[in-house]
Each structure stands twice: as structure tokens, then as C-alpha cells.
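Student: Provided herewith is a single structure, encoded as C-alpha cells, for subsequent inquiry.
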């Protein structure tokens, strides 16, 4: 397992060692000791999975304290453009974003700590997205930021026309957001 830093502190790319042969493949998707060695000292208490058609955009979502969540995300089938936005007020990268393509082919994972907004755009039909969370979901603590916020300037790709939930269509702009982190 190889764990790489991104341009945003604490946001990490995890590249598992994948063992493939004529039968298929095997990889270790989580190892507490290896995560601890890279400063990820968390306990996962909830797993989530979603399935989406191509061009579905889910996000940018977060949970406010005390229900804030760190997420270990990966794609089990298909591919996504995965985006994380730093919402930590004291961070030198507050309001900055990073993205990565996660797929069933590369088998990479993204560690998105608490204090980040997270979202993804599906790049293929029947994409299955899986994530481990460090806290339970709490409806009253959910928050979101507009996926197409002009101040954030996230590059989702050219000429996309995403399929959005009603909630994601009316999410507030970043300039109107007061971070709880």
C-alpha cells in the first residue's frame, strides 16, 4: 500500500498493492497499522454505497460537528471524478480543492478528512461508489456547497450537464458559507 500526499494537507491518495492473476485480483483496502503510520488515526463506524448512472454529480457535502465525518472513498465499479474542498478555517488551503479520478481499474482510494466538503461526478454508467465513514450520518448536521461555485472554480470537465438532486441544485455559494471547522 502506497499513501501519497496531495497539495492539500491531510488529503491523501491511497494506492493499494494489487495482486492479479488469471483468477482475478486481491488487494488490501484498509490496514489500520499502515494508516496510523501516515497519521490517519481514525475508527470507521459506518459504510455507505451508492450506484449512479453517468453524469450524476453528488456533492459537495459535509457533516457539521459533532457529526463531522472523515471518509475513505473508492469506486468498486466504473469511475468518478472525486473532489474535496478544504473547509478548515485555520488551514492555509482553506477554500482550495483537489480532485482525482477513482476507478475500478486503478483501485485507488481517497482519504478525505473531517473538515472537507466532498463530491463526485460519475464518468460511467452503473458506477458503484463505496466509502467508510468515521461518524454516523445525522440529517440535522448535513451541509453542502454549490458544485459549480464560481469562487471555488472546480474543474469538473468540459461541457458537463450533471444530473443533480434537488438539494444540490440549491446549495449555498462558498461566499455565503460560514465554516463550522
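The values are calculated or read from the model by the stated rules, or taken from the named source; none is laboratory data. Since the model is a prediction, treat every value here as computed from it, not as a measurement. When we count neighbours, we look across all protein chains shown, and the Cβ atoms used for this are built from the backbone with ideal geometry, even at glycine.
Student: If residue 69 satisfies all but one of (1) under 15 Å from residue 180 (Cβ atoms); (2) in a strand (DSSP E or B), what's the number of the condition it fails?
Tutor: All conditions are met except number (2).
Student: What number of residues in the range 17-58 are modelled with pLDDT of 95 or more and crowded, with 16+ Cβ neighbours inside 10 Å?
Tutor: 7
Student: Turning to a different aspect of this structure: When the residues of the range 164-178 are narrowed to those that are assigned to a loop (DSSP other than H, G, I, E, B) and under 18 Å from the mean Cα position of the chain (by Cα), which ends up surrounded by the most Cβ atoms within 10 Å (Cβ to Cβ)? First the steps, then the outcome.
Tutor: We begin by selecting, within the range 164-178, every residue assigned to a loop (DSSP other than H, G, I, E, B); these are 164-165, 170-173, 177-178.
The next check asks that each one be under 18 Å from the mean Cα position of the chain (by Cα); those that pass are 164-165, 171.
On the way: 164: 17, 165: 13, 171: 22.
The qualifying residue surrounded by the most Cβ atoms within 10 Å (Cβ to Cβ) is 171.
Student: Which condition from (1) surrounded by fewer than 16 Cβ atoms within 10 Å (Cβ to Cβ); (2) closer than 18 Å to residue 56 by Cβ; (3) modelled with pLDDT of 95 or more is the one that residue 161 breaks?
Tutor: Every listed condition holds for residue 161 apart from (3).
Student: Could you tell me whether any residue of the range 91-101 is touching a residue at least 60 places away in the same chain (Cβ under 8 Å), assigned to a loop (DSSP other than H, G, I, E, B) and on the phi > 0 side of the Ramachandran plot?
Tutor: So far as the range 91-101 goes, yes, one or more of its residues are touching a residue at least 60 places away in the same chain (Cβ under 8 Å), assigned to a loop (DSSP other than H, G, I, E, B) and on the phi > 0 side of the Ramachandran plot.
Student: Taking the criterion of being outside any strand (DSSP E or B), surrounded by 21 or more Cβ atoms within 10 Å (Cβ to Cβ) and in contact (Cβ under 8 Å) with a residue 24 or more places away in the chain, would at least one residue in the range 128-145 satisfy it?
Tutor: Just the residues of the range 128-145 that are outside any strand (DSSP E or B), to begin with: 134-141, 145.
Next, only the ones that are surrounded by 21 or more Cβ atoms within 10 Å (Cβ to Cβ) stay: 145.
From the residues that got through so far, the ones that are in contact (Cβ under 8 Å) with a residue 24 or more places away in the chain too are 145.
Checked the range 128-145: at least one residue is outside any strand (DSSP E or B), surrounded by 21 or more Cβ atoms within 10 Å (Cβ to Cβ) and in contact (Cβ under 8 Å) with a residue 24 or more places away in the chain.
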